[in-house]
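Read through the structure below, which is laid out as C-alpha coordinates, and then see the notes.
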Amino acid sequence: MQIVLFTIFGLLAVAAALNMLLQRHPINSALSLVVVMMSLAVLYWSLGAEFLAAAQVIVYAGAIMVLFIFVVMLLNAGEETRTHGSKIASIAGFPGGAAIFCLLSFVFLKYRSVLGTAQLGGLQAGAESNLLRIAHSLFTTLLLPFEVTSILILVAILGAVVLARKEL
Amino acid sequence: MVPTAYYLVLGAVLFCIGIASFLIRRSVITIFMSIELMLNAVNLTFVAFAHMWGQVSGQIFVFFVMVVAAAEAAVGLAIIIALFRVRQTLNVDQVNLLKN
(Lines give C-alpha, C1' and ligand atoms only; values in the text may rest on other atoms or scores of the structure.)
Protein backbone atom coordinates (compact mmCIF):
# COMPACT_ATOMS: atom_id res chain seq x y z
CA MET A 1 0.00 0.00 0.00
CA GLN A 2 2.69 2.45 1.06
CA ILE A 3 4.97 1.56 -1.85
CA VAL A 4 2.07 2.01 -4.27
CA LEU A 5 1.22 5.43 -2.82
CA PHE A 6 4.87 6.43 -2.84
CA THR A 7 5.41 5.31 -6.44
CA ILE A 8 2.30 6.95 -7.86
CA PHE A 9 2.59 10.28 -6.09
CA GLY A 10 6.38 10.43 -6.21
CA LEU A 11 6.34 9.95 -9.96
CA LEU A 12 3.51 12.45 -10.27
CA ALA A 13 5.49 15.02 -8.27
CA VAL A 14 8.64 14.52 -10.36
CA ALA A 15 6.69 14.64 -13.62
CA ALA A 16 4.89 17.83 -12.60
CA ALA A 17 8.16 19.41 -11.46
CA LEU A 18 9.74 18.57 -14.81
CA ASN A 19 6.69 20.02 -16.55
CA MET A 20 7.15 23.18 -14.49
CA LEU A 21 10.79 23.30 -15.61
CA LEU A 22 10.00 22.81 -19.29
CA GLN A 23 6.85 24.88 -19.83
CA ARG A 24 7.41 28.30 -21.31
CA HIS A 25 4.33 30.03 -19.97
CA PRO A 26 4.28 31.04 -16.26
CA ILE A 27 0.66 29.99 -15.74
CA ASN A 28 1.46 26.43 -16.87
CA SER A 29 4.39 26.36 -14.46
CA ALA A 30 2.15 27.57 -11.62
CA LEU A 31 -0.46 24.90 -12.28
CA SER A 32 2.24 22.20 -12.43
CA LEU A 33 3.52 23.44 -9.09
CA VAL A 34 0.03 23.00 -7.63
CA VAL A 35 0.15 19.34 -8.75
CA VAL A 36 3.57 18.94 -7.07
CA MET A 37 2.22 20.37 -3.82
CA MET A 38 -0.87 18.16 -3.85
CA SER A 39 1.24 15.04 -4.39
CA LEU A 40 3.56 16.11 -1.60
CA ALA A 41 0.52 16.49 0.66
CA VAL A 42 -0.38 12.86 -0.02
CA LEU A 43 3.20 11.81 0.75
CA TYR A 44 3.11 13.75 4.04
CA TRP A 45 -0.11 12.00 4.92
CA SER A 46 1.43 8.63 4.14
CA LEU A 47 4.31 9.52 6.48
CA GLY A 48 1.90 10.17 9.32
CA ALA A 49 1.91 13.97 9.19
CA GLU A 50 -1.82 14.60 8.79
CA PHE A 51 -1.65 18.18 10.08
CA LEU A 52 1.06 19.07 7.59
CA ALA A 53 -0.84 17.42 4.75
CA ALA A 54 -3.83 19.63 5.50
CA ALA A 55 -1.63 22.70 5.96
CA GLN A 56 0.15 21.95 2.70
CA VAL A 57 -3.14 21.89 0.80
CA ILE A 58 -4.55 24.97 2.55
CA VAL A 59 -1.45 27.16 2.80
CA TYR A 60 0.67 26.18 -0.19
CA ALA A 61 -1.80 24.94 -2.78
CA GLY A 62 -4.63 27.13 -1.54
CA ALA A 63 -3.10 30.45 -0.55
CA ILE A 64 0.38 30.84 -2.00
CA MET A 65 -0.35 29.38 -5.43
CA VAL A 66 -3.54 31.41 -5.77
CA LEU A 67 -1.45 34.49 -5.04
CA PHE A 68 1.04 33.43 -7.72
CA ILE A 69 -1.68 32.81 -10.28
CA PHE A 70 -3.32 36.15 -9.46
CA VAL A 71 -0.01 37.95 -9.99
CA VAL A 72 0.63 36.12 -13.27
CA MET A 73 -2.81 37.15 -14.50
CA LEU A 74 -2.53 40.70 -13.13
CA LEU A 75 0.77 41.33 -14.88
CA ASN A 76 -0.48 39.57 -18.01
CA ALA A 77 2.80 37.68 -18.19
CA GLY A 78 3.42 36.13 -21.56
CA GLU A 79 5.72 33.39 -22.72
CA GLU A 80 9.39 33.69 -21.91
CA THR A 81 11.68 34.72 -24.68
CA ARG A 82 14.78 32.69 -25.39
CA THR A 83 17.75 34.13 -23.61
CA HIS A 84 21.13 35.01 -24.93
CA GLY A 85 22.35 35.94 -21.48
CA SER A 86 25.24 34.58 -19.55
CA LYS A 87 26.29 31.02 -20.09
CA ILE A 88 27.74 30.72 -16.60
CA ALA A 89 24.55 29.09 -15.37
CA SER A 90 24.78 26.20 -17.77
CA ILE A 91 28.57 25.89 -17.55
CA ALA A 92 28.84 25.87 -13.76
CA GLY A 93 25.27 25.44 -12.54
CA PHE A 94 24.11 22.19 -14.09
CA PRO A 95 27.21 20.14 -13.26
CA GLY A 96 26.98 21.62 -9.77
CA GLY A 97 23.32 20.69 -9.40
CA ALA A 98 23.97 17.20 -10.76
CA ALA A 99 26.87 16.82 -8.33
CA ILE A 100 24.67 17.83 -5.39
CA PHE A 101 22.04 15.30 -6.50
CA CYS A 102 24.60 12.51 -6.96
CA LEU A 103 26.19 13.19 -3.59
CA LEU A 104 22.85 13.29 -1.75
CA SER A 105 21.44 10.16 -3.35
CA PHE A 106 24.72 8.30 -2.90
CA VAL A 107 24.73 9.07 0.83
CA PHE A 108 21.02 8.30 1.28
CA LEU A 109 21.16 5.01 -0.62
CA LYS A 110 24.38 3.96 1.06
CA TYR A 111 22.86 4.36 4.52
CA ARG A 112 19.51 2.94 3.43
CA SER A 113 19.51 0.19 6.03
CA VAL A 114 20.40 2.59 8.85
CA LEU A 115 17.62 4.97 7.85
CA GLY A 116 15.01 2.24 8.23
CA THR A 117 11.66 1.97 6.53
CA ALA A 118 8.59 4.16 6.61
CA GLN A 119 5.25 2.69 7.55
CA LEU A 120 1.87 3.96 6.59
CA GLY A 121 0.10 5.94 9.27
CA GLY A 122 0.99 7.68 12.48
CA LEU A 123 4.33 8.07 14.13
CA GLN A 124 3.92 5.13 16.47
CA ALA A 125 1.14 2.66 16.87
CA GLY A 126 -0.89 3.44 19.96
CA ALA A 127 0.71 6.84 20.50
CA GLU A 128 -1.37 9.92 21.14
CA SER A 129 -2.39 11.82 18.07
CA ASN A 130 0.14 13.60 15.98
CA LEU A 131 -1.78 16.87 16.06
CA LEU A 132 -1.88 16.74 19.87
CA ARG A 133 1.89 16.37 20.04
CA ILE A 134 2.50 19.22 17.60
CA ALA A 135 0.09 21.49 19.45
CA HIS A 136 1.64 20.59 22.78
CA SER A 137 5.13 21.48 21.60
CA LEU A 138 3.98 24.64 19.83
CA PHE A 139 2.11 26.03 22.80
CA THR A 140 4.59 25.13 25.52
CA THR A 141 8.27 24.95 24.60
CA LEU A 142 7.99 26.76 21.26
CA LEU A 143 5.51 29.43 22.31
CA LEU A 144 7.88 32.34 21.69
CA PRO A 145 8.81 31.33 18.10
CA PHE A 146 5.14 30.69 17.42
CA GLU A 147 4.21 34.18 18.57
CA VAL A 148 7.10 35.69 16.62
CA THR A 149 5.71 34.15 13.42
CA SER A 150 2.53 36.17 13.93
CA ILE A 151 4.61 39.36 14.00
CA LEU A 152 6.46 38.13 10.91
CA ILE A 153 3.18 37.63 9.05
CA LEU A 154 1.95 41.07 10.16
CA VAL A 155 5.15 42.75 8.96
CA ALA A 156 4.97 40.83 5.68
CA ILE A 157 1.39 41.98 5.09
CA LEU A 158 2.30 45.60 5.82
CA GLY A 159 5.37 45.32 3.59
CA ALA A 160 3.33 43.88 0.75
CA VAL A 161 0.76 46.65 1.03
CA VAL A 162 3.43 49.36 1.08
CA LEU A 163 5.38 47.84 -1.83
CA ALA A 164 2.36 47.33 -4.06
CA ARG A 165 1.01 50.86 -3.63
CA LYS A 166 0.61 52.97 -6.74
CA GLU A 167 3.16 55.63 -5.80
CA LEU A 168 6.27 53.97 -4.44
CA MET B 1 7.14 -0.51 3.70
CA VAL B 2 9.20 2.02 1.81
CA PRO B 3 12.80 2.70 2.82
CA THR B 4 13.09 6.23 4.24
CA ALA B 5 15.99 6.71 1.83
CA TYR B 6 13.55 6.70 -1.10
CA TYR B 7 11.68 9.66 0.35
CA LEU B 8 14.99 11.46 0.82
CA VAL B 9 16.05 10.72 -2.76
CA LEU B 10 12.70 12.03 -4.00
CA GLY B 11 13.37 15.19 -2.02
CA ALA B 12 16.81 15.46 -3.64
CA VAL B 13 15.29 15.01 -7.12
CA LEU B 14 12.76 17.77 -6.52
CA PHE B 15 15.44 20.04 -5.04
CA CYS B 16 17.70 19.60 -8.08
CA ILE B 17 14.80 20.21 -10.48
CA GLY B 18 14.23 23.40 -8.48
CA ILE B 19 17.89 24.38 -8.91
CA ALA B 20 17.75 23.71 -12.66
CA SER B 21 14.55 25.71 -12.98
CA PHE B 22 16.10 28.56 -11.01
CA LEU B 23 19.04 28.59 -13.40
CA ILE B 24 17.39 28.30 -16.79
CA ARG B 25 14.10 30.18 -16.46
CA ARG B 26 14.13 33.85 -17.35
CA SER B 27 10.88 35.06 -15.81
CA VAL B 28 11.00 36.48 -12.29
CA ILE B 29 7.75 34.75 -11.32
CA THR B 30 8.98 31.35 -12.45
CA ILE B 31 12.25 31.80 -10.61
CA PHE B 32 10.22 32.57 -7.51
CA MET B 33 8.16 29.42 -8.06
CA SER B 34 11.30 27.32 -8.27
CA ILE B 35 12.33 28.67 -4.87
CA GLU B 36 8.99 27.41 -3.53
CA LEU B 37 9.71 24.03 -5.14
CA MET B 38 13.06 23.84 -3.36
CA LEU B 39 11.41 24.71 -0.02
CA ASN B 40 8.88 21.93 -0.61
CA ALA B 41 11.63 19.42 -1.35
CA VAL B 42 13.33 20.29 1.92
CA ASN B 43 9.99 19.98 3.74
CA LEU B 44 9.62 16.43 2.43
CA THR B 45 13.05 15.60 3.84
CA PHE B 46 12.08 17.07 7.22
CA VAL B 47 8.88 15.02 7.34
CA ALA B 48 10.72 11.83 6.36
CA PHE B 49 13.28 12.34 9.12
CA ALA B 50 10.53 13.16 11.62
CA HIS B 51 8.87 9.87 10.72
CA MET B 52 12.16 8.03 10.99
CA TRP B 53 12.89 9.30 14.51
CA GLY B 54 9.29 9.18 15.70
CA GLN B 55 9.53 12.81 16.79
CA VAL B 56 7.44 15.83 15.87
CA SER B 57 10.33 18.33 15.80
CA GLY B 58 10.77 17.87 12.06
CA GLN B 59 7.08 18.52 11.47
CA ILE B 60 7.27 21.69 13.55
CA PHE B 61 10.19 22.85 11.41
CA VAL B 62 8.04 22.26 8.33
CA PHE B 63 5.30 24.35 9.94
CA PHE B 64 7.70 27.25 10.42
CA VAL B 65 9.06 26.87 6.89
CA MET B 66 5.49 27.14 5.59
CA VAL B 67 4.87 30.29 7.61
CA VAL B 68 8.05 31.93 6.38
CA ALA B 69 7.31 30.84 2.81
CA ALA B 70 3.87 32.46 3.01
CA ALA B 71 5.36 35.73 4.28
CA GLU B 72 8.10 35.56 1.66
CA ALA B 73 5.60 34.95 -1.13
CA ALA B 74 3.53 37.98 -0.11
CA VAL B 75 6.53 40.32 0.00
CA GLY B 76 8.19 38.82 -3.08
CA LEU B 77 5.11 39.12 -5.23
CA ALA B 78 4.65 42.72 -4.10
CA ILE B 79 8.25 43.39 -5.13
CA ILE B 80 7.58 41.74 -8.50
CA ILE B 81 4.53 43.98 -9.02
CA ALA B 82 6.54 47.09 -8.11
CA LEU B 83 9.37 45.99 -10.41
CA PHE B 84 6.96 45.39 -13.27
CA ARG B 85 5.47 48.83 -12.77
CA VAL B 86 8.89 50.47 -13.06
CA ARG B 87 10.49 48.35 -15.79
CA GLN B 88 7.49 46.99 -17.72
CA THR B 89 9.16 43.60 -17.98
CA LEU B 90 9.48 40.37 -16.06
CA ASN B 91 12.63 39.21 -17.80
CA VAL B 92 15.57 39.03 -15.41
CA ASP B 93 18.04 39.77 -18.20
CA GLN B 94 16.58 43.25 -18.54
CA VAL B 95 16.55 44.02 -14.83
CA ASN B 96 20.04 45.47 -14.42
CA LEU B 97 19.51 48.54 -12.24
CA LEU B 98 22.27 47.46 -9.86
CA LYS B 99 24.77 46.55 -12.54
CA ASN B 100 26.65 49.84 -12.86
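The values are calculated or read from the model by the stated rules, or taken from the named source; none is laboratory data. Being a predicted model, the structure only gives us computed values, none of them experimental. With ideal geometry, Cβ positions are generated from the backbone for all residues, glycine too; neighbour counts draw on all protein chains shown.
Structure data summary
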| read-out | value |
| --- | --- |
| Subset of the stretch B:18-36 [touching a residue at least 24 places away in the same chain (Cβ under 8 Å), facing another protein chain (nearest Cβ under 7 Å) and of a type in the set (A, V, I, L, M)] | B:ILE29 |
| Top-ranked residue of the stretch B:69-90 - restricted to ones that are more than 7 Å from every other protein chain (Cβ to nearest Cβ) and touching a residue at least 40 places away in the same chain (Cβ under 8 Å), ranked as surrounded by the fewest Cβ atoms within 10 Å (Cβ to Cβ) | B:LEU83 |
| Segments classed as helices (runs of 4 or more DSSP H), wholly inside the stretch A:1-66, with at least 3 members that are at the interface with chain B (Cβ under 8 Å from one of its Cβ atoms) and of a type outside the set (A, V, I, L, M, F, W, C) | A:26-46 |
| Filter pass, B:MET66 being under 29 Å from A:ALA54 (Cβ atoms), at the interface with another protein chain (Cβ under 7 Å from one of its Cβ atoms), touching a residue at least 40 places away in the same chain (Cβ under 8 Å) and part of a helix (DSSP H, G or I) | no |
| Scope the stretch A:132-147; condition surrounded by 12 or more Cβ atoms within 10 Å (Cβ to Cβ) and either within 29 Å of B:LEU77 (Cβ to Cβ) or more than 10 Å from chain B (Cβ to nearest Cβ) (or both); matching residues | A:ILE134, A:LEU138, A:LEU142, A:PRO145, A:PHE146 |
| Residue in the stretch B:45-57 that is modelled with pLDDT of 90 or more and under 22 Å from A:GLY96 (Cα atoms) present | yes |
